[in-house]
């Protein structure tokens with residue numbers, strides 16, 4: 001999108017929102033200001049398209065883990081917003097990331113969530129072939145199709161930044177200018193290092209389902225500590241919900257919930273702070289990741305935007321236990337928690353379809369949600385830098 005197209009795009013979004021606001025004001029009076037999501041922020045295709053550029057274009061996104069990246073040629077695929085990406089284990093043991101698009105006509109070069117490509121990736125459309133390092137190796141009938149001077153070196157797979165966090169979790173970023181991953185999650189970093197997540201292993205299955213909701217509505221829900229004792233009331237017996245502590249800073253948030261005395265999920269660990277052994281956290285890493293860390297396991301829930309009214313949730317659990325029955329109980333519990341949230345969020349989505357409704361003010365325990373909504377709006381209002389994708393990647 002060139003500068004004139006982008007300016008036109010922004011104008012359409014701003015004018016449409018202003019017009020809807022003027023015309024539909026007045027039916028629902030809300031005397032106190034609110035930072036929570038309003039209807040026009042949920043259903044706009046133009047706003048969604050801008051978020052894919054300005055939010056996801058400058059963010060670190062969790063894609064998977066190193067358990068799928070053991071041998072040279074092992075790969076995982078995923079999405080950063082609506083951009084497909086590819087992470088590949090190299091012959092020297094390093095890991096590299098690329099846009100998962102052939103440079104010819106936008107086909108992907110890898111299609112499974114994880115696998116091994118052998119020695120190269122071949123596009124199924126016109127058979128352009130790429131090495132593990134992204135270099136373009138061959139084009140069928142190259143001289144007849146393009147002549148002898150085709151610049152092969154300029155048409156390799158487009159590289160992206162990759163970070164392996166805590167010897168386990170794979171994150172990637174499109175922007176060359178965004179802060180390092182360590183800076184991105186700085187408020188959470190010391191505690192996450194203390195968990196020794198590299199010792200955890202992935203549970204025997206994951207959850208993967210698509211829901212009729214806007215990604216931001218799920219983000220808001222994930223950062224809402226107010227709803228927990230009502231929507232998830234079955235958990236009240238194991239958590240001291242009224243002692244919740246809400247924190248937010250930068251691109252991270254944290255809601256700490258002490259456990260009841262009868263609930264011990266430490267699996268015998270004694271190497272963490274007392275709070276971390278005797279409680280758990282509902283946290284968020286901008287823009288779309290909800291980590292739920294305990295002393296002996298880490299739940300990860302990622303909200304992948306597909307359309308203004310469609311979001312894919314991918315959930316995994318990592319932990320210390322190898323007991324499949326225990327793993328399955330935890331996965332079933334997570335399925336129920338996700339269902340409780342998505343059932344409620346789907347109700348919100350339907351009612352936010354009304355252009356006349358205005359949401360109320362956020363409570364103290366919705367401070368994390370308020371913080372994230374402000375961050376999203378700030379990014380949407382700020383164009384990417386002209387050199388956002390220039391220069392080397394780290």
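The values are calculated or read from the model by the stated rules, or taken from the named source; none is laboratory data. Fair warning: this is a prediction, and the values are worked out from it, not measured in the lab. As a convention, Cβ positions derive from the backbone with ideal geometry for all residues, glycine included, and neighbour counts pool all protein chains shown.
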Report task. Identify, from the list 265, 284, the residue that is in the same structural domain as residue 368 (by TED's automatic domain parsing) and surrounded by fewer than 21 Cβ atoms within 10 Å (Cβ to Cβ). Result -> 265
Query raised in the report: Can you find even one residue in the stretch 301-311 that is crowded, with 19+ Cβ neighbours inside 10 Å and closer than 16 Å to residue 255 by Cα?
Result: yes
Query raised in the report: Could you list, in sequence order, the residues of the stretch 253-310 that are within 22 Å of residue 333 (Cα to Cα), under 19 Å from the mean Cα position of the chain (by Cα) and assigned to a loop (DSSP other than H, G, I, E, B)?
Result: 288
Report summary line: Residues of the stretch 138-163 being under 22 Å from residue 393 (Cα atoms) and touching a strand residue (DSSP E or B) at 6+ places or on another chain (Cβ under 7 Å), in sequence order, are 152, 155, 156, 157, 158, 159, 160, 161, 162, 163
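Restricting to the stretch 383-394, name every residue that is surrounded by 10 or more Cβ atoms within 10 Å (Cβ to Cβ) and modelled with pLDDT under 95.
Step one: of the stretch 383-394, the residues surrounded by 10 or more Cβ atoms within 10 Å (Cβ to Cβ) are 383-385, 388-389, 393-394.
Passing the criteria: 393, 394.
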Query raised in the report: Can we say residue 379 is in a helix (DSSP H, G or I) and either on the phi < 0 side of the Ramachandran plot or within 20 Å of the chain's Cα centre (by Cα) (or both)?
Result: yes
Report summary line: The residue from 166, 150 that alone is on the phi > 0 side of the Ramachandran plot and either over 17 Å from the mean Cα position of the chain (by Cα) or modelled with pLDDT under 95 (or both) is 166
Requested in this report: Go through the stretch 319-339 and give me each residue that's assigned to a helix (DSSP H, G or I) and closer than 19 Å to residue 65 by Cβ.
Outcome: 324, 327, 330, 331, 334
Query raised in the report: Within the stretch 237-251, which residues are under 15 Å from residue 224 (Cβ atoms) and not in a strand (DSSP E or B)?
Result: 241, 244
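Somewhere in the stretch 186-207, is a residue in a helix (DSSP H, G or I), free of Cβ contacts under 8 Å to residues at least 12 places away in the same chain, out of contact with any helix residue (DSSP H, G or I) (no Cβ under 8 Å at 6 or more places or on another chain) and surrounded by fewer than 16 Cβ atoms within 10 Å (Cβ to Cβ)? Break it down stepwise before answering.
Of all residues in the stretch 186-207, those in a helix (DSSP H, G or I) come to 189-195, 197-199.
Those still in the list that are free of Cβ contacts under 8 Å to residues at least 12 places away in the same chain too: 189-190.
Next, from what is left, pick out any that are out of contact with any helix residue (DSSP H, G or I) (no Cβ under 8 Å at 6 or more places or on another chain): 190.
Those still in the list that are surrounded by fewer than 16 Cβ atoms within 10 Å (Cβ to Cβ) too: 190.
Yes, there is a match, as at least one residue in the stretch 186-207 is in a helix (DSSP H, G or I), free of Cβ contacts under 8 Å to residues at least 12 places away in the same chain, out of contact with any helix residue (DSSP H, G or I) (no Cβ under 8 Å at 6 or more places or on another chain) and surrounded by fewer than 16 Cβ atoms within 10 Å (Cβ to Cβ).
Just to be sure I understand, how many residues within the stretch 123-135 are touching a strand residue (DSSP E or B) at 6+ places or on another chain (Cβ under 6 Å) and either farther than 25 Å from residue 70 by Cβ or outside any loop (DSSP other than H, G, I, E, B) (or both)? Walk me through how you get there before you give the answer.
Here is the first cut: in the stretch 123-135, the ones touching a strand residue (DSSP E or B) at 6+ places or on another chain (Cβ under 6 Å) are 129-132, 134.
Next cut, either farther than 25 Å from residue 70 by Cβ or outside any loop (DSSP other than H, G, I, E, B) (or both) only: 129-131.
The qualifying residues number 3.
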Report summary line: Considering residues that are closer than 27 Å to residue 78 by Cβ and in contact with a helix residue (DSSP H, G or I) (Cβ under 7 Å, 6 or more places away or on another chain), the number found within the stretch 140-168 is 6
Query raised in the report: Do we have any residue at all in the stretch 347-368 that's modelled with pLDDT of 95 or more, closer than 28 Å to residue 29 by Cα, surrounded by 18 or more Cβ atoms within 10 Å (Cβ to Cβ) and within 18 Å of the chain's Cα centre (by Cα)?
Result: yes
